[in-house]
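Q: Got a structure here, written out as structure tokens. Questions coming.
Only the coordinates and a few stated rules stand behind these numbers; no lab work does. In this text, all values refer to a predicted model and were calculated from it rather than measured experimentally. FYI the Cβ positions are ideal-geometry reconstructions off the backbone, even for glycines, and counts take in every protein chain you see.
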Amino acid sequence: MELKLTKKQYRRLLDLVYIGNWILNSTRGDDRFADYDQVESLLFGQAAENGMPALAEEYNKEIVPSRAFTEGGIHDAIMDYENTVFFEILAEELARRDMEEESENPESYEELADRIDAYIMEFEQHGIDNILLDD
């Protein structure tokens, strides 16, 4: 298979591959999806040939994203995604809990969406500062 990319497209592809592999493998410990690591290694292995040698390095006889790459802001994008997902899940779980306790119609999608939106607005304004836990 042959894929033709501009340098900019190739660079974006490296970002996408790294982010995807991070999501799939970062929490798996020794039970990683090795085939995804292999694809990442294959693509980062082309960095030097494409004028981007600083983006890859050898580690344990494999080509991996370099420290310069991993510390260059890619984790800011991952963190933005993780924060968004965290707050969206938390808002939905809290809204569903509230509806089970308070709602006359606990299956109302419109009421659920309104409650989720209210929690999201609260989190956007105050983060988790106003969350209290009862013992």
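Q: Ranking request for peptides 128-135, 112-119: highest mean number of other beta-carbon atoms within 10 Å first, then the rest in descending order. Please report the intermediate quantities before stating the final value.
A: Numbers: 128-135: 6.4, 112-119: 15.8.
Per-residue Cβ counts within 10 Å, averaged per peptide and sorted highest first, yield 112-119, 128-135.
Q: Rounded, prolate or oblate: pick one for the stretch 7-65, where a ≥ b ≥ c are the square roots of the eigenvalues of its C-alpha gyration tensor, a/c under 1.5 means rounded, and failing that, prolate if a/b is larger than b/c, else oblate.
A: Working: a/c = 2.62, a/b = 1.54, b/c = 1.70.
Oblate is the answer for the stretch 7-65, as a/c is 1.5 or above yet b/c matches or exceeds a/b.
Q: Moving on. Rounded to the nearest 10 degrees, what's the angle between the helix 75-102 long axis and the longest principal axis of the chain, both from Cα atoms, 0 to 90?
A: 20 degrees
Q: Before rounding to the nearest 500, sum -39500 (n - 2.57) across all DSSP H runs of length at least 4 in the chain and divide by the residue total; then give [θ] at 222 nm in deg cm²/dmol. Could the numbers behind the result be given before it?
A: Details: 4 runs with 76 residues, N = 135.
About -19000 deg cm²/dmol.
Q: Quick one: which residues, 5+ away or cross-chain, put their amide H under 5 Å from the amide H of Glu57? H built at 1.01 Å from N.
A: The answer is Val64, Ser66.
Q: Please give the helix 7-25 orientation as an angle from the longest Cα principal axis of the chain, in degrees from 0 to 90, rounded to the nearest 10.
A: 60 degrees
Q: Run the quick spin-label model on Ala68 and Asp98: label points 7 Å from Cα toward the beta carbon, then report their separation in nm to one decimal.
A: Going by the 7 Å Cα→Cβ label model, 4.9 nm.
Q: Still on this structure: For a quick check of your reading of the filter: which trypsin sites (Lys or Arg not before Pro) in the stretch 1-60 sit in a DSSP loop and have no more than 12 other Cβ atoms within 10 Å? Could you put the intermediate results ahead of the total?
A: On the way: sites: Lys4, Lys7, Lys8, Arg11, Arg12, Arg28, Arg32; in loops: Lys4, Arg28, Arg32.
The qualifying sites are Lys4, Arg28.
Q: Any idea what diffusion coefficient the stretch 75-126 gets from Stokes-Einstein, in µm²/s, Kirkwood Rh on alpha carbon pairs, 37 °C, 0.692 mPa s? Spell out each step's value before the answer.
A: Working: Rh = 11.6 Å.
For the chosen part, D equals 283 µm²/s.
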